[in-house]
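Accompanying notes for the structure given below.
The values are calculated or read from the model by the stated rules, or taken from the named source; none is laboratory data. Remember, predicted model here, so these are calculated numbers, not experimental data. Every residue, glycine among them, receives a Cβ derived from its backbone with ideal geometry; neighbour counts consider all protein chains shown. All accessible areas refer to the heavy atoms of the entire protein, side chains included, with ligands and DNA or RNA removed. Shrake-Rupley method; radii C 1.70, N 1.55, O 1.52, S 1.80 Å.
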Amino acid sequence: MNVACVCAYLSALLPECNMDGQRILVIGHTHPESGATAAGVRMLQLLRTFKENGAIVHFAVATKQGRYPDSLEALVAEIHEVRLNDSSFDALVKRLDCDIAVFDRFMTEEQFGWRVRSQLPKCKLILDTEDLHSLRLSRQEAVEKGISWDEDLWYRHPVFTRELASILRCDLSLMISRAEIDLLTGVFPWIKAQLVYAPFQMEAPDSQNDQTHESRKHFVFAGNGKHAPNADAIQILRNSIWPELSQRCPEAELHVYGAYLEEVPLGSDNYPGADRFIIKGYAPSIEEVFKKARLQLAPLRFGAGVKGKIISGLQYGLPTLSTPVGWEGIGGNSKENPLIIKEISQMISKAAELYDNEMQWEAALQQGRELAREHFANADNPKESSIGFHNEQAISREGRLLRDLLRSKAFDSSRFMSKWIEAKNSLLKKH
């Protein structure tokens with residue numbers, strides 16, 4: 001993928017000019033950590049694309065840097081540390097006088113969107129959804145309750161209405177997964193014109209540089225320990241999969257890489273082979289890790305969006321055995337893709353089979369790559385990657401009415417909550 005298609009649509013929002021010289025304020029949910037999270041990779045791709053297309057980019061963030069922050073100096077004109085629920089942000093926005101504001105996830109739009117609108121009424125608002133948080137959280141709720149997930153559970157989740165309202169308030173929303181676009185437009189067909197498919201950048205894999213099945217060894221899992229789907233998957237690997245799989249593959253080890261893994265409770269290690277379940281921690285270069293491993297195991301029981309670990313596996317010749325949730329938004333179903341397992345219990349036998357059988361391993365890797373190539377083939381073409389956005393007139397009457405309604409003060413609850421918190425904090429300072 002090339003997120004340059006985004007610029008074509010941002011230019012469509014400003015038909016009188018192109019991206020060159022446009023002032024863009026990107027408001028981050030967190031400071032990017034591309035070595036730790038797929039969200040950090042995504043943010044760097046957006047910032048780089050804006051910069052390469054001639055935009056003047058400012059980056060604002062209210063949270064402190066994590067342990068693995070990316071350097072943004074080459075990508076942005078200035079980095080601004082801002083405060084939540086504080087009118088000092090209003091002065092910053094007015095001073096920057098940006099043409100476009102980009103919000104990193106719906107929570108950021110809730111916090112800062114109304115402030116941008118109040119100071120710069122003509123500023124175009126872009127939401128980068130990252131993934132549908134309400135979808136991920138409703139799936140997590142289903143797993144924790146031991147029930148089957150369905151769309152009704154998604155609609156009833158309290159985050160659903162907040163996230164949908166954020167999408168509707170913005171002029172444009174960037175979607176990372178076609179599966180999520182299908183879910184949204186299946187319920188609200190008229191929202192189609194406000195969505196643009198802008199997936200992860202995926203470099204075409206070069207099979208000539210692949211390490212062979214024989215030269216690779218061990219299983220691997222990669223994921224940030226702060227991300228609930230990853231923490232759950234690590235515990236499943238440790239307690240449900242590895243005790244038996246370690247006996248099926250007695251020479252293999254399972255290496256777990258990722259930032260903030262100390263936050264993941266691991267459970268029992270009282271079984272044969274537990275000493276070959278090794279927490280490696282943060283890896284500065286996931287490419288080096290993936291080019292040495294033979295198979296990645298990702299027993300993701302819930303989640304949303306597109307999984308960076310699977311895309312990286314495809315790039316570096318590492319097959320990833322995962323669930324339909326894990327492969328969602330990338331390619332294929334369980335009939336087309338031999339790397340998809342429907343049940344966690346199937347992972348043990350399939351993993352042992354692929355680990356030991358070179359022919360099956362090669363076939364699974366190539367089939368997964370073909371599905372991914374097909375899925376991402378049109379991502380460089382704005383006409384193909386668009387889900388319908390062309391201009392303001394393309395948005396349905398329902399969409400425009402709902403956007404105006406949700407932007408009005410009467411329905412902008414986040415505005416009044418923020419003002420209340422700011423007033424309370426001001427009183428506390430006085431006393």
Legend entry - Search result, residues across region 354-388 that are part of a loop (DSSP other than H, G, I, E, B), over 20 Å from the mean Cα position of the chain (by Cα) and at pLDDT below 80: Asn381, Gly388
Legend entry - Any chance Gly281 is buried (at least 21 other Cβ atoms within 10 Å of the Cβ), of a type in the set (Gly, Ala, Ser) and over 23 Å from Thr129 (Cα atoms): no
Inset, instruction - Restricting attention to region 219-262, report how many residues are touching a His at 6+ places or on another chain (Cβ under 6 Å) and assigned to a loop (DSSP other than H, G, I, E, B). - result: 2
Inset, instruction - Kindly indicate whether any position in region 64-83 is closer than 30 Å to Tyr260 by Cβ, polar (S, T, N, Q) and open to solvent by less than 30 Å² (accessible area, probe 1.4 Å). - result: no
Inset, instruction - State yes or no: is Pro265 touching a helix residue (DSSP H, G or I) at 6+ places or on another chain (Cβ under 9 Å) and not basic (Lys, Arg)? - result: yes
Legend entry - Qualifying residues in region 226-274 (those that are within 22 Å of Leu137 (Cα to Cα) and small (Gly, Ala, Ser)) - the one most open to solvent (accessible area, probe 1.4 Å): Ala228
Inset, instruction - Give region 4-45 a look and list any residue that's at pLDDT below 90, assigned to a loop (DSSP other than H, G, I, E, B) and surrounded by fewer than 19 Cβ atoms within 10 Å (Cβ to Cβ), or say none. - result: Leu14, Pro15, Glu16, Cys17, Asn18, Asp20, Gly21
Inset, instruction - Scan region 286-297 and give yes if some residue there is part of a helix (DSSP H, G or I), surrounded by fewer than 16 Cβ atoms within 10 Å (Cβ to Cβ) and free of Cβ contacts under 8 Å to residues at least 12 places away in the same chain, otherwise no. - result: yes
Legend entry - Asp131 being in contact with a Gly (Cβ under 6 Å, 6 or more places away or on another chain), touching a residue at least 40 places away in the same chain (Cβ under 8 Å) and under 22 Å from Asn333 (Cα atoms): yes
Inset, instruction - Evaluate region 91-111: report whether one residue or more is open to solvent by 20 Å² or more (accessible area, probe 1.4 Å) and among the small types (Gly, Ala, Ser). - result: yes
